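The values are calculated or read from the model by the stated rules, or taken from the named source; none is laboratory data. In this text, all values refer to a predicted model and were calculated from it rather than measured experimentally. Here the Cβ positions follow ideal geometry from the backbone for every residue, glycine too, while neighbour counts run over all protein chains shown. For the accessible areas, the whole protein counts, side chains as well, though only heavy atoms, and no ligand, DNA or RNA atoms are used. Shrake-Rupley method; radii C 1.70, N 1.55, O 1.52, S 1.80 Å.
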Amino acid sequence: ASNPNEKEALGKALQVSTDTKMRLGRMPTVSVNGAQYFIQKPLRPLFTYHKNSEGYWFNVTLPQSEDNKTRYRACGMLFGSSVTNRCKLDVSFSLPIFNHLVKGQEYHPTLEDLRNFDPVTAKTASNVKSMSAKKFEQLKEVENFEGNQDDYAEDMVYSVLVESVEWQVEALLE
């Protein structure tokens, strides 16, 4: 940087501002030192607020793509770095996310975990466990399920807290 203007430019702080409001005919923009750039493709959030658990949960509506996996990997690195460097992240995640992070493949959620996360679905699972044998047989036929009522309830728990977010957890833990 032998040019005096370059030295001055290097000494100035990088000023970044964003305008993410969608206006008629305008895309969201990012301004860097006065130059305006358009955001071609707005990103969908990786985590969404889950009201019942009063915390953030994986965005189960995100399509599985290499871009989204890369974004989850970056979050995993950020989480790991914050622990390593003893830095606090002020984000309220749902308890099952921490269980996935701490226990990894060893995380086996229970009906109680589901009750804390999604009481409505947990109530349905509990109702299946207390369903009459005749009604359960009908349910098994409709859903082509092999097993007993306890197995069915466990499958519900596993489906909500593990299967529905399998690729997100895998990418987060890489």
Here the net charge surrounding Y72, from other residues whose Cβ is less than 12 Å away from its Cβ (Lys, Arg +1; Asp, Glu -1), is -2
Is the C-alpha gyration tensor of region 65-174 telling us rounded, prolate or oblate? Criteria: a/c under 1.5 is rounded; beyond that, a/b larger than b/c is prolate, otherwise oblate.
prolate
With x for Gly and Pro, the residue-by-residue ³J(HN,Hα) of region 85-99, computed from phi through the Karplus equation 6.51 cos²θ - 1.76 cosθ + 1.60 at θ = phi - 60° and given in whole Hz, is 9, 6, 9, 8, 10, 8, 9, 8, 8, 5, 4, x, 5, 5, 4
Please list, in chain and number order, the residues 5+ apart from F93 or on another chain whose amide H is under 5 Å from its amide H, with Hs placed from the backbone.
Y56
Using modelled amide H (1.01 Å from N, peptide plane; none on Pro or chain starts), what sits under 5 Å from the amide H of F47, excluding residues fewer than 5 places away?
N59
Which of the pairs K88/K123; K51/K135; K103/K123; K51/K134; K69/K140 have their Cα atoms more than 29 Å apart in this structure?
K88/K123; K51/K135; K51/K134; K69/K140
Rounded accessible area per residue of region 44-174, 1.4 Å, Å²
65
